[in-house]
1. Applying the selection to region 34-52, what residues are under 16 Å from Val113 (Cα atoms) and touching a residue at least 12 places away in the same chain (Cβ under 8 Å)?
2. So if I check each of Val63, Val57, Val29, Val81, which one is in a helix (DSSP H, G or I), out of contact with any Leu (no Cβ under 7 Å at 6 or more places or on another chain), free of Cβ contacts under 8 Å to residues at least 40 places away in the same chain and more than 18 Å from Lys126 (Cβ to Cβ)?
3. Any residue at all in region 70-79 that's small (Gly, Ala, Ser) and touching an Asp or Glu at 6+ places or on another chain (Cβ under 8 Å)?
4. Which of the residues spanning region 64-81 are of a type in the set (A, V, I, L, M) and surrounded by fewer than 17 Cβ atoms within 10 Å (Cβ to Cβ)?
Amino acid sequence: MMPGYDERKIKARLLVWWVVWGWILIALVAIYLGFAQGKPLPPVSRENPLQGLVGFVPLFLSVVLRWLVLPRATEPNRALVLFIVGLALAESCGLLGIFLGGPYRDSLFVLGVLGVVQYVPFYARKLFDPKGSGYIPNN
């Protein structure tokens, strides 16, 4: 357990992680259901056929942030900032898909939801109970 944190404070801080994650996921699904569900897919733009794939850039950045940067964060406050930035990038893939995705609207939405789901904060508990580093005899 980190110095200065008792079990009640740790649970409260972890609740913040879960609430942020849950609301972003719920908001993304609600926006899709409100704006895109049941509407026909727009046709492919002839002047720019790759316009609908713009959502892949923030999704790729989000995946890199989640699997390469976030596991190296050791301080909970910095990790929370990285967590929120990564969630925003993953959500932006879904939002760009909904509003600018064209024929790739539903696929980009699903990829955005999967990008948000990869941030499930099960790993956040380890930030408050770090393991020692270096040589520890008799362990």
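1. We begin by selecting, within region 34-52, every residue under 16 Å from Val113 (Cα atoms); these are 34-37.
Phe35, Ala36 - these are the residues of region 34-52 that are under 16 Å from Val113 (Cα atoms) and touching a residue at least 12 places away in the same chain (Cβ under 8 Å).
2. When all the criteria are applied, what remains is Val57.
3. Pass one, region 70-79, residues small (Gly, Ala, Ser): 73, 79.
Going one step further and asking which of them are touching an Asp or Glu at 6+ places or on another chain (Cβ under 8 Å), we end up with none.
No.
4. Val64, Leu68, Val69, Ala73, Val81
Readers should treat all values here as calculations from the given coordinates under stated rules, not as data from a laboratory. Model, not experiment: these values are computed from the prediction. Cβ sites come from the backbone with ideal geometry, for glycine too, and all protein chains shown count toward neighbours.
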